[in-house]
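A short worksheet on the structure shown next.
The values are calculated or read from the model by the stated rules, or taken from the named source; none is laboratory data. Given the structure is predicted, the values throughout are model-derived calculations rather than measurements. Cβ: placed from backbone, ideal geometry, glycine included. Neighbour counts: every protein chain shown.
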Amino acid sequence: MDIDTDIDTTAGPHLSWRQVWTRRMARHGLTGASPATAEPSRVADIVAAMCGAHAQVMSAAELSIGARSGGGTRADVRAALRGPDGLVKTFGPRGTVHLLPARDLPMWTGALSALPSGPGAMPKGSRLTDEQAEQVVEAIAVALEDAADDGLTVEELGDAVVGATGPWAGDLVIPAFQGMWPRWRQALVPAARRGALCFGPDRGRKATYVSPRRRLPGFRPAPADEALGALVERYLYAYGPATPRQFAQWLGAPAPWAATLFDKLTADGSLRQIDVEGSTGWLGASDDGEADQGPQRAAPATALRLLPYFDAYVVGCHPRDRLFPGPAAARALSRTGQAGNYPVLLIDGTVAGVWHLRRSGRKADLTVEPLAPLSAARRRALDKEAARIGTFLDVTDLRLTIGTVTAGQHA
């Protein structure tokens, strides 16, 4: 847990951890009844509240959004990937694939393109130089702006990049799953961060890339300072109170850079510090209503939810020792302490078990492993949650079992 011992926690606003989990659950749309998802703009609202849905595996992203919708379906999520009012699939926090609201793409690209760049993981002789990276990003932008509406596959985009820059861009230097990738692909994430590309519609089993300007006429990244301030505010609204280090971990940025950013935003009155049972975190300056209520007025957090792996709530919430209390850390965190590797049972805002779904056609077996016995009320809530997942996935026969989950990570 990050604790700032220089802060006087005897004065100023206070929250209890119970209040923290209550507000986080509510702001993620994980408590109470949500309006049914149908219109792309409603799906975008859900994803905006999450600060993006991790979409390396689309089925998990769909379940994340479904957990926050009232009676929505996978078809609603997929429909939102078309048009200016829905979602864009692109590289987001930590350089991983995310679904983001199309309307927020100027903010995201303005903020992500302002992140400091490090040396990268590639050996010096294999990585792109700064000059080469600029050439590749420019070539990507030109190729996609000139492409048809269905975009270019990675192979087609590679041909265009090599033709515009030179053979060096096509050198096979990046270790991949079943071979080597060309040098230019190191610039895919930077190109997305600068607004030069996003994912287009799949072409069979192949992904495509398109120019965001084809989806959003007039699109351009927002100014860096404006975008970074807005992103910090949204992150803290969804995951606060939080520290600069926690923000840096979520975003995939250097911790000293994040500390400087928080200092600047605190100094100009955009952020405020708050005590949570002896530890200090930050909230947006205007986000003080719930913080000032006091622990005695906290609403109980009673929601029980089943969240897929890499759900935004699990990845973004800190501190880990409170999100994964007691045996939950050993059962649901990776060996390195990474969150999100397992689908989790969430009770009262914290991890209370794991689960696994095995599907065959329109039938499915759902196994839930609670880490403590469930009360009758919570068992009824679990039955309701299982039924919700079945409806979302259009499963006609879902069998729920309380027992040990034997599947490993990402299964």
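Structural remarks
- Looking only at segment 71-80, and only at residues there that are of a type outside the set (Gly, Ala, Ser) and surrounded by fewer than 21 Cβ atoms within 10 Å (Cβ to Cβ), the one that is modelled with the lowest pLDDT: Thr73
- Being hydrophobic (A, V, I, L, M, F, W, C) and buried (at least 17 other Cβ atoms within 10 Å of the Cβ) holds for only one residue in Ala141, Ala148, and it is Ala141.
- Condition met for Thr96 (over 13 Å from Ala196 (Cβ atoms), among the β-branched types (Val, Ile, Thr) and free of Cβ contacts under 8 Å to residues at least 40 places away in the same chain): no
- Residue in segment 345-364 that is surrounded by 22 or more Cβ atoms within 10 Å (Cβ to Cβ) and out of contact with any strand residue (DSSP E or B) (no Cβ under 7 Å at 6 or more places or on another chain) present: yes
- Within segment 280-305, the set of residues being touching a Gly at 6+ places or on another chain (Cβ under 9 Å), closer than 30 Å to Met58 by Cα and at pLDDT 50 or above comprises just one member, Ala303.
- Some residue of segment 378-399 being more than 18 Å from the chain's Cα centre (by Cα), part of a strand (DSSP E or B) and touching a residue at least 40 places away in the same chain (Cβ under 8 Å): no
- Set Leu306, Leu323: member being within 26 Å of Thr396 (Cβ to Cβ) and either surrounded by 22 or more Cβ atoms within 10 Å (Cβ to Cβ) or basic (Lys, Arg) (or both): Leu306
- In the set (1) within 29 Å of Gly86 (Cα to Cα); (2) touching a strand residue (DSSP E or B) at 6+ places or on another chain (Cβ under 7 Å), Met180 fails one condition alone, (1).
- Of all residues in segment 326-364, those that are touching a Lys or Arg at 6+ places or on another chain (Cβ under 9 Å) and basic (Lys, Arg) total 1.
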